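The values are calculated or read from the model by the stated rules, or taken from the named source; none is laboratory data. As the structure is a prediction and not an experimental result, all values here were calculated from the model. FYI the Cβ positions are ideal-geometry reconstructions off the backbone, even for glycines, and counts take in every protein chain you see. Side chains included, ligands, DNA and RNA excluded: accessible areas come from the protein's heavy atoms. Shrake-Rupley method; radii C 1.70, N 1.55, O 1.52, S 1.80 Å.
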Amino acid sequence: MAYGRGVSTPAARPSSGTSDPAATPGRPGSAPVGARTGTPTGTPTGVAPGLGVLPRTPLDHLPLPLDGAFVDRAEHRRAEPDLVRTLRSQPTTRVLLVHRGRLALGGPGVADGVALLDPAELGDVDPATDEDPARWLFLGEDDGTAYLALVLPEDADAEEVDIEGVDASEPFAVLARDHAWSGLRDLVGAVPAPVAGLATEAVALAAWHANHPRCPRCGGRTTVEKGGWTRRCVAQGVELYPRTDPAVIMTVVHGEGSDERLLLGHAAHWPERRFSTLAGYVEPGESLENAVRREVAEEAGVVVGDVAYRGSQPWPFPASLMLGFSARALTTELHVDGVELTDARWFTRAELAEAVRSREVLLPGRSSIARALLEDWFGASLADG
C-alpha cells in the first residue's frame, strides 16, 4: 500500500538468523580483522558494530519480469539440426519479436502484453534470413509449445530507402511498423511471469549477439550455433558463450528498532531527488561479500561488516546479473566520492516515509531489485514518486 496522511510507519521487521561473529570486531572467537569471512581490511579498531542482525531469508517479492525462469530452456534440443527451421514450420510454435532491446506488443499499449506470434504470421519473412541464424533464437519450450525470438535489424524502422528506391529493411520494416514496442521496464506487472521470463531471455540473448559479433581473441568472424546460444570462431574453432556481468546491490543499515536507518545514495547522472540503494560491479578475483564492502566504502565512506545474500535479478541492460544483499554498517559518517555518488543520506523508516510523501525523495522504479530490497527493509510498499 502507499503511505500518505494518517498512515503510520511500519515497525521494524523482525530478523531471522544470526549475525556472523567474524563480522563484528572484538567478539570472542571472531576471525582476524581482514579475514575473508570477517570485516574488510582497514576496519578501524574499536568501531562499535551496528546493532541487530540481518535477515537471512530470500526476498518475498522480486519484481517481474526478472524473478526466475518459468519455461524449460531445453538445452538438450539446441544442437538439433535445422532446429529453428523445424520449429518455424510447426503451428504450435510462438515467436517473440525483438528490436533494439524492445519487445513487440500484442496491441497498441503495454496492457496488451507481449506479442506471441504464430509462425504463419511471419510468412513474408524471407526464408533466406535463416542464413543469418543470429536473427532467430531458440528460447525453450513448455507444455508442447516451443518459443523463438526473431531479432529485427537495427534499421528495420528506418524511413529511408536505398539509392534504387527500395526499402532495404523489408519485410522487417513491415513488422517494425505494424507493432507497438515496449522496453522490459515498462512491462513490469503487465505480463504474466512465463512471458516476462521469455522476454527477458530474448532481450539478453539478442544483446549478446549484437555486442559480440566477432571473436574476442583474434577479431575474426564467428558463426552462430545451437539455436543462438553459442558462437564459434571460424579461424580458431573456439566456442564462445554468452557472458553475464555480476553486480552487487545492497541495503546498508545501522541501528535497530525504530532507530534503524537505511543508507541511500544519489548517483551523479540521475534526475534530481532520485535516491536508491548502492550498487556496483564485482571486480576480478573478488568475492561477492567483499564487493559489497568495497563498493560501500568507495562510494560513501562507510565501513561494512556483516553481509547477507537476499536474491538476484537478471538485468539485461545489456548483460548484468544483480545480486542483492543486506549489509550492516560499522560506521555512519558519510564521505561521498563525488564521482559516482553526489549525495548520500541515512533514513529511518519514518523519515523515509515522510521524504517519499513530500517528494523530497524519488524512489527507484518497480522493475528493479533495488525497489524490492528497499521495501523489504521498510516493511511495506511505498508510493511511487
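For L175, the solvent-accessible surface computed with a 1.4 Å probe is close to 20 Å², ligands and nucleic acids excluded.
At an R0 of 56 angstrom, the distance between the Cβ atoms of E80 and H269 translates into a FRET efficiency of 0.80. Going 7 Å from the Cα of V238 along its beta-carbon direction, which residues of region 202-223 have the amide nitrogen within less than 19 Å of the resulting point? Taking a point 7 Å out along Cα→Cβ of V238, the residues of region 202-223 whose backbone N falls under 19 Å are 208-223. Can you give me the orientation-averaged projected area of the convex hull built on the Cα atoms of region 251-385, in nm²? About 7.9 nm², averaged over all directions.
By the Stokes-Einstein formula, at 1.306 mPa s and 10 °C, region 186-235 with its Kirkwood radius over alpha-carbon pairs has D equal to 127 µm²/s. Here r is the Cβ-Cβ distance between T230 and A210 and R0 is 22 Å; the resulting FRET efficiency, rounded to 0.05, is 0.90. Panel values: region 160-307, Kirkwood radius from alpha carbon pairs, Stokes-Einstein at 25 °C and 0.890 mPa s, translational diffusion coefficient 121 µm²/s. Each residue was assigned an accessible area with a 1.4 Å probe, and for R345 the value is about 80 Å².
Which of A355, A344, V302 sits farthest toward the positive end of the charge dipole of region 278-358, with +1 on the Cβ of Lys and Arg and -1 on the Cβ of Asp and Glu? Working it through, the farthest residue towards the positive pole turns out to be A355. Protein heavy-atom surface of region 270-320, 1.4 angstrom probe: 55% of the accessible area is carbon and sulfur, with nucleic acids and ligands not counted.
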